[in-house]
Amino acid sequence: MRASAGWLPSQRPESEISLPVRIQESADVADSARIGEGSSVWHLAQVREDAVLGENCIVGRGAYVGSGVVMGDNCKLQNYALVYEPAVLEDGVFVGPAVCFTNDHYPRSIAPDGTLKRGDDWEAVGVTCRQGSSIGARAVCVAPVTIGRWAMVAAGSVVVKDVPDFALVAGVPATRRRWVGRAGVPLEPGPDPHRWVCPQTGETYIEENETLREATT
């Protein structure tokens with residue numbers, strides 16, 4: 001599944017049993033937001049207009065989901081995460097506590113003439129998180145960037161460029177330190193220089209041209 005301007009979470013057949021949506025009384029959820037079955041929005045969280053959350057998502061205490069943000073199924077936003085529009089999160093994305101996704105390349109409160117800037121005075125840019133990716137606590141992702149499939153951003157990192165699939169990045173600015181598999185565990189060298197193995201699952205991966213892919217055989 002790939003994200004695009006028209007990408008939406010998968011929809012469960014109507015014949016299947018639906019799961020309740022849990023929204024705490026102190027949460028602020030816009031009437032036009034779409035919350036998928038089995039999802040939870042916890043205390044003091046805010047979900048803005050036209051945001052779309054897939055099934056079985058968790059929006060933690062004090063988290064913010066901007067207008068028009070799209071989240072796939074089984075995503076987790078931990079406490080006080082800030083996901084500004086137009087971010088897109090594919091299925092199974094983890095966003096740690098106090099993470100911030102920016103949306104303005106050149107932020108200013110006022111225009112050059114000193115007047116207060118309005119919402120239409122700038123063009124929002126977004127962060128895209130591919131399937132299964134994880135963002136550690138207090139990391140900042142400076143839009144526009146894409147976090148690759150099953151990639152992992154270490155806590156406190158500042159991401160200013162795209163992160164490859166399966167990469168573990170850390171630091172300010174974030175750079176690749178290791179490769180990780182679907183389980184999130186750092187991979188170990190395999191039997192040949194271009195092959196990596198997950199010590200937890202035994203799955204193998206092949207490195208080519210500074211990218212990693214799952215081995216088919």
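The values are calculated or read from the model by the stated rules, or taken from the named source; none is laboratory data. From a predicted model like this one, the values you see are computed outputs, not experimental measurements. Reconstructed Cβ throughout: ideal geometry from the backbone, glycine too, with neighbour counts over all protein chains shown.
Some points to look at:
- Selected residue (only one of Thr211, Thr175, Thr216 is polar (S, T, N, Q) and surrounded by fewer than 12 Cβ atoms within 10 Å (Cβ to Cβ)): Thr216
- Considering only residues in the stretch 77-134 that are among the aromatic types (Phe, Trp, Tyr) and in contact with a Lys or Arg (Cβ under 9 Å, 6 or more places away or on another chain), the one that is nearest to Tyr64 (Cα to Cα) turns out to be Tyr80.
- Cβ-Cβ distances below 9 Å connect the following pairs, each with a first residue in the stretch 97-115 that is more than 28 Å from Lys76 (Cα to Cα) and assigned by TED's automatic domain parsing to the domain that holds Glu85, a second residue that is surrounded by 11 or more Cβ atoms within 10 Å (Cβ to Cβ) and charged (D, E, K, R), and a separation of six or more residues or different chains: Arg108/Lys117; Arg108/Asp121; Ser109/Lys117; Ile110/Lys117; Ala111/Lys117; Ala111/Asp121.
- The lone exception for Tyr205 - which of (1) hydroxyl-bearing (Ser, Thr, Tyr); (2) assigned by TED's automatic domain parsing to the domain that holds Pro97; (3) buried (at least 19 other Cβ atoms within 10 Å of the Cβ) it fails: (2)
- Scanning the stretch 138-159 for residues that are hydroxyl-bearing (Ser, Thr, Tyr) and part of a loop (DSSP other than H, G, I, E, B) turns up just one, Ser157.
- Test for Leu53: is it modelled with pLDDT of 95 or more and buried (at least 20 other Cβ atoms within 10 Å of the Cβ): yes
- Top-ranked residue in the stretch 65-111 [being part of a loop (DSSP other than H, G, I, E, B) and among the aromatic types (Phe, Trp, Tyr); ranked as nearest to Ala27 (Cα to Cα)]: Tyr80
- Number of the condition not met by Glu214 [criteria: (1) under 19 Å from Glu90 (Cβ atoms); (2) under 18 Å from the mean Cα position of the chain (by Cα)]: (2)
- Single unsatisfied condition, Ala155 versus (1) touching a Gly at 6+ places or on another chain (Cβ under 9 Å); (2) on the phi < 0 side of the Ramachandran plot; (3) surrounded by 16 or more Cβ atoms within 10 Å (Cβ to Cβ); (4) of a type in the set (Gly, Ala, Ser): (3)
Per-residue answers, yes or no, for (1) under 20 Å from Ala139 (Cβ atoms); (2) modelled with pLDDT of 95 or more; (3) of a type in the set (S, T, N, Q):
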position: Val163; (1), (2), (3): yes, yes, no
position: Ala170; (1), (2), (3): yes, yes, no
position: Thr175; (1), (2), (3): yes, yes, yes
position: Val180; (1), (2), (3): yes, yes, no
position: Asp192; (1), (2), (3): no, no, no
position: Cys198; (1), (2), (3): no, yes, no
position: Ile206; (1), (2), (3): no, yes, no
position: Glu210; (1), (2), (3): no, no, no
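- Which numbered condition Asp120 fails, given (1) assigned to a loop (DSSP other than H, G, I, E, B); (2) more than 13 Å from Val159 (Cβ to Cβ): (1)
- Index of the failed condition, Lys117 passing every other in (1) over 21 Å from Lys161 (Cα atoms); (2) surrounded by 22 or more Cβ atoms within 10 Å (Cβ to Cβ); (3) not aliphatic (A, V, I, L, M): (2)
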